[in-house]
Structures are given as structure tokens and as C-alpha cells.
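Notes for the one structure printed next.
The values are calculated or read from the model by the stated rules, or taken from the named source; none is laboratory data. Since this is a predicted model, take the numbers as computed values, not measurements. Here Cβ is always computed from backbone atoms with ideal geometry, including for glycine, and neighbour counts include all displayed protein chains. Ligands, DNA and RNA are stripped out before the accessible areas are found, and what is left, the full protein with its side chains, is counted by its heavy atoms. Shrake-Rupley method; radii C 1.70, N 1.55, O 1.52, S 1.80 Å.
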Amino acid sequence: MIRRDAIRDRGAGRRAGFPRNAWAIGLLVLAIGGMGWGLTGPSHVLGQRGVESGYVDEASIRLPAQLLEGLTLAIGDVDNDGDLDVFMGTNIGPSRDVLLLNDGRGFFEDDSVRRLPPKEADVFTRGAQFADLDNDGDLDLVIALARRDPGTGQVSGERNQIFINDGRGFFKDETEVRMPGIPVIEQDDPSYSVVAGDVNGDGALDFFVANNLNRPDKLWFNDGRGVFRDQSAFLPASAETLNSASADMGDIDGDGDLDLVVGVGVAREGVPHLFLNDGTGRFDDQTTFRLGNEQRLNSWQTRLIEVNGRPGLDLFLCNTPGRAMLFVNNGLGFFSDETVRSLPFDAAACRSVDAGDFDGDGDLDLALGRDPEDPIARNNLLLINSDGQGRFIATPLPGNGGAYAIAFFDADGDGDLDLIGVNRGEHHLWINKR
């Protein structure tokens, strides 16, 4: 991401917004109803009951039938026809990932066989990002991969891939020429997330790969023509063995360059890390200095978002097991834990998250995808930023199955934000009917 909103159109909504005083009204109603305040404050009480979201699940009529298990999503206009298409990274089994082309009205066709290179059946795709890697004006694709033995379930590494777009939405695997000279040992990284952005200020998109199973994270610099060199020496020493599961880029400290936040998990729980950029793409680990969090988490997704209308990107950690967490930035890149005050108690078993202004009121709301593997069946959630200050209330989204990945985008071209969620096969396409 040069930031995700710079490389995909979020289609900001234009319809009537959620009432600004809804938080107070909802709290009064719940108090009168005798539900009490709960153990940890009013937002937790309100979090058990939200308003109707206005989303209707139309996956059965808009998505192709019998799509297989999806683990990750990337959204972008790959064929330059003015609408947003969907890449879905798949689990082991299928011979390729999925590319869904939008007809402009929000109905999608699976054109993967013609447009995507194949992959091996025991390889799964955990991260993907559309970005113009070769600076030719169309969206290419960088993919984070790992391998799972179908018999033992043991996870191992797999070389990541770069697919170059011909401008019409047909992708060619150019990994060999775009990432030349990779030692064999570095081809075996089990990669769980990838995020792109210009970290060294030269105008070209670089990318960071979060690796698990005690393998070092990787930083790749773009030469401006879409050929990458390993610049992982610019990462701090702590990036060697984090067991990274997720990552995001953004300007944490307001100095005009892209910093990194890295979530830890899967192989073992750990503390999320903040890597601050000196402006040249050299990163320093300032976690203890700026985050001050010692809680060990399993953060499947990590997002930098601005939730309260004040300067500074805030940090949302999507954790399972346990609760999601929200750390608020003071504007200078120092964070405080505002989870209890800001997030409903029900924001638990979180496997995926995305941010978007679903109700068109000018602030960012959150879509939270539940862990499909959680033994407790839970609805996916819409977390509504009810007061514009980052105080969220929860309302369930229709349908079951959780979501390994969830994303806001304007699927049907009507100017508001729809939602897609993918899981073990019971996928969702929620159309905004507000």
C-alpha cells in the first residue's frame, strides 16, 4: 500500500449518515431497559445491540457458485474498465487463486483460468496487494505464499510471486525477472502478509513481507522499473524472529514517510511491533518507546486507521483468540490503549478487519470478520463509529461462516460502500441498501 486508499477506490458513500447522537440515545435506551452498565463501561453494553446496518447479503446472485475457500482479498480495477474487481487468495487444493471481474453493476464472473497463472495445490495464499509495481499505469499483484503438507498439516515456506498486468487484466508470473538472485533459503519463507508503499521516497512502490515460523521479515526496494532487490538489512534486528502474521504501512509519527506496524501470531503469540522510518527506508524498532504494550497477542490482521478525527493514524489489532484492540495515536506517534472505552465487548474472535465510511457521515467505520475456525458461531460485525470520535457500536452482518478476509468497496457503482467477506466457501457480498 502506498496506502490502500491510494491504489483502490473505496467509493465513499454519499447517502444519509448515522446520527451523531446515536451513541447517547442508544445508551439511554439500554439503561431504561434495565440492561445495566456491565463490568467495563457503557460501550460494552451498547456493543451488544446496534442499529440495522442496511446491508443485504446478495452473494447468491452476484458471486459465481461453488467458489472454494478464500483466505485473503485484494480489490482494484485490473482491466481498466472503471469498476472494481476482486482477487481472492485460496487455501490449499485449488490449482490457482481466483480473479472475479465486475460487470459494472456488481455481478462478478470468475475469469481466473484465462487471467491468472496457476499455483501448486499444496500452496496457500495468505496475503495479496494490488499495486502499480512497474509504473506503467495499471495494477500489478504481489502475493505472499506458504505451503501446507496435506497429510500432516505442517506449514513450510514458498517463494512469493509478482504478477504483472498487461493493462487488460491478464497477469503474467514475472517473479524470476522481478526478484532476481534470491538464495534458495530465502525462497522458503512462510509468508503471511504483504504490504506495498514507497518507503524510501523515490516515487516507486516497495514492499514488506511478514514471515512466520521464525523466518526473518523481508523488505524489497523497487528500482523504479519494477525490479526488486532485497533490502532487509534496513529492517531492525527484531524483524529476524518475530513470527510476523500481519503488517500495515502508514505515517505513524507525522514526519511524512511510511512507517511499519507488524502483528505477531500464528506460530506463537507476541507483542505487535512499530518500526519507524528515517525517511530513507531504514527502520528502527520503537515499540517499547511508543506503544508500551506488553500483552502477547495473536494478531491476524493489523490496520492503521484514523478513527477519531484527530491527527495521527491509530492502530487496530485483529486478534483471535481474545478481543480486538484499539490503540489511539496522540498525533506524535505515541499510543494509548483505548480498547475498553472505544470497542464493544463483542469485538472478539477477529480474523479480519477493514475500514470505510459505510454511512457517508465523514468518519471511518469498521467491518470485522470473525474467525471461521472459532467453535462459537458468531456473526461478522459492522462497528459503527457513532460519534466520530472513535467510539464504536456493533451491529451484526447477515449470514454465517465468519470471514478470513473482509473488504469495503463500491461493488455496484452506486457511490456507497458495499462489503465482501470470504471464508470456507459460504462467501458474502453485502450490498449497502441505506
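How many angstrom separate the Cα center of region 113-179 from the Cα center of region 251-267?
So the separation of the two Cα centres works out to 23 Å.
Given H placed 1.01 Å from N in the peptide plane, which residues other than close sequence neighbours of Phe409 have an amide H under 5 Å from its amide H?
Under 5 Å from the amide H of Phe409 lie the amide H atoms of Asp418, Leu419, Ile420, each far enough along the sequence or on another chain.
Tell me, what % of the accessible area of the chain is carbon and sulfur with a 1.4 angstrom probe?
On the chain, the fraction of accessible area on carbon and sulfur atoms equals 51 percent.
Quick one: order Lys218, Lys172 from most to least accessible surface, probe 1.4 Å.
Descending accessible area places them as Lys172, Lys218.
Relative to the longest principal axis of the C-alpha atoms of the chain, give the angle of the C-alpha long axis of helix 22-32, reported between 0 and 90° and rounded to the nearest 10°.
Helix 22-32 and the main axis of the chain meet at about 50 degrees.
Let me check something: with ligands and nucleic acids excluded, how do His428, His273 order by accessible area (1.4 Å probe), largest to smallest? Before the final figure, lay out each step's value.
Details: His428 5, His273 35 Å².
Putting His428, His273 in descending order of accessible area: His273, His428.
Report, in debye and to the nearest 20, how large the dipole of the chain comes out about its Cα centre when Lys and Arg carry +1 and Asp and Glu carry -1 on their Cβ. Provide the component values of the computation, followed by the final result.
Details: 40 positive and 71 negative charges, 276 e Å.
Taking the Cα centre of the chain as origin, the dipole is about 1320 debye.
Return one whole number: the accessible area per residue of region 235-294 in Å², for a 1.4 Å probe.
Values: 2130 Å² over 60 residues.
Per residue, region 235-294 has 36 Å² of solvent-accessible surface.
Starting at the first residue of region 211-223, write each ³J(HN,Hα) from the Karplus equation 6.51 cos²θ - 1.76 cosθ + 1.60 with θ = phi - 60°, in whole Hz, x for Gly and Pro.
Whole-Hz 3J(HN,Hα) from phi for region 211-223: 10, 10, 6, 6, 8, x, 5, 10, 10, 10, 9, 8, 7.
In whole Hz, with x marking every Gly and Pro, tabulate ³J(HN,Hα) for region 330-335 from phi via Karplus 6.51 cos²θ - 1.76 cosθ + 1.60, θ = phi - 60°.
7, x, 10, x, 10, 10
Between Glu52 and Asp103, take the C-beta separation as r, use R0 = 25 Å, and let me know the FRET efficiency to the nearest 0.05.
0.30
Would you mind checking which residues have amide H under 5 Å from Ala324's amide H? H placed 1.01 Å from N; only 5 or more apart, or other chain.
Amide H neighbours of Ala324, under 5 Å, 5+ apart: Asn319, Ala348, Ala349, Cys350.
Solvent-accessible area of Ile92, probe 1.4 Å, all protein chains present, reported in Å² to the nearest ten, please.
Number for this one is 50 Å².
Among all the lysines, which ones have a C-alpha under 22 Å from Lys172's C-alpha, if same-chain residues fewer than 8 places away are not counted?
Lys119
Fully extended, how many nm does the chain gain between Glu176 and Asp122 (0.36 nm per residue separation, minus their Cα-Cα distance)?
17.4 nm
When the helices in the chain are scored as -39500 (n - 2.57) per DSSP H run of 4 or longer and the sum is shared across all residues, what 222 nm value do you end up with, to the nearest 500 deg cm²/dmol?
-2000 deg cm²/dmol
Tell me whether region 309-395 comes out rounded, prolate or oblate; compute the Cα gyration tensor, take square roots of the eigenvalues as a ≥ b ≥ c, and use a/c under 1.5 as the rounded threshold.
Working: a/c = 2.21, a/b = 1.44, b/c = 1.54.
Oblate, since a/c reaches 1.5 and b/c is not below a/b.
Ordering Arg310, Arg126 by how much accessible area each has at a 1.4 Å probe, largest first, what is the list?
The residues order as Arg310, Arg126, largest area first.
Does region 258-320 classify as rounded, prolate or oblate by the C-alpha gyration tensor (a ≥ b ≥ c root eigenvalues; a/c under 1.5 gives rounded; else a/b over b/c gives prolate, otherwise oblate)?
Here region 258-320 falls in the oblate category.
Report the Cα centroid-to-centroid distance between region 326-357 and region 274-303 in angstrom, as an integer.
Region 326-357 and region 274-303 have Cα centres separated by 15 Å.
Return the single residue from Ser53, Ser95, Ser244 with maximal mean-square fluctuation; model: Gaussian network over the chain, springs between Cα atoms under 10 Å.
Checking each option, the largest mean-square fluctuation is seen for Ser95.
Quick query: amide H of Ala144 versus all other amide H atoms, modeled in the peptide plane; which residues come in under 5 Å with a sequence gap of 5 or more or a different chain?
Arg126, Gly127, Ala128
If a/c stays under 1.5 just call it rounded; otherwise compare a/b with b/c (prolate if a/b is bigger, oblate if not). Do that for region 257-409, with a ≥ b ≥ c from the square roots of the Cα gyration tensor eigenvalues. Don't skip to the end; give the middle numbers.
Numbers: a/c = 1.88, a/b = 1.30, b/c = 1.45.
Oblate.
Can you run phi through the Karplus equation (6.51, -1.76, 1.60; θ = phi - 60°) for region 257-264 and list ³J(HN,Hα) in whole Hz, with x for Gly and Pro?
10, 8, 9, 10, 10, 10, x, 10
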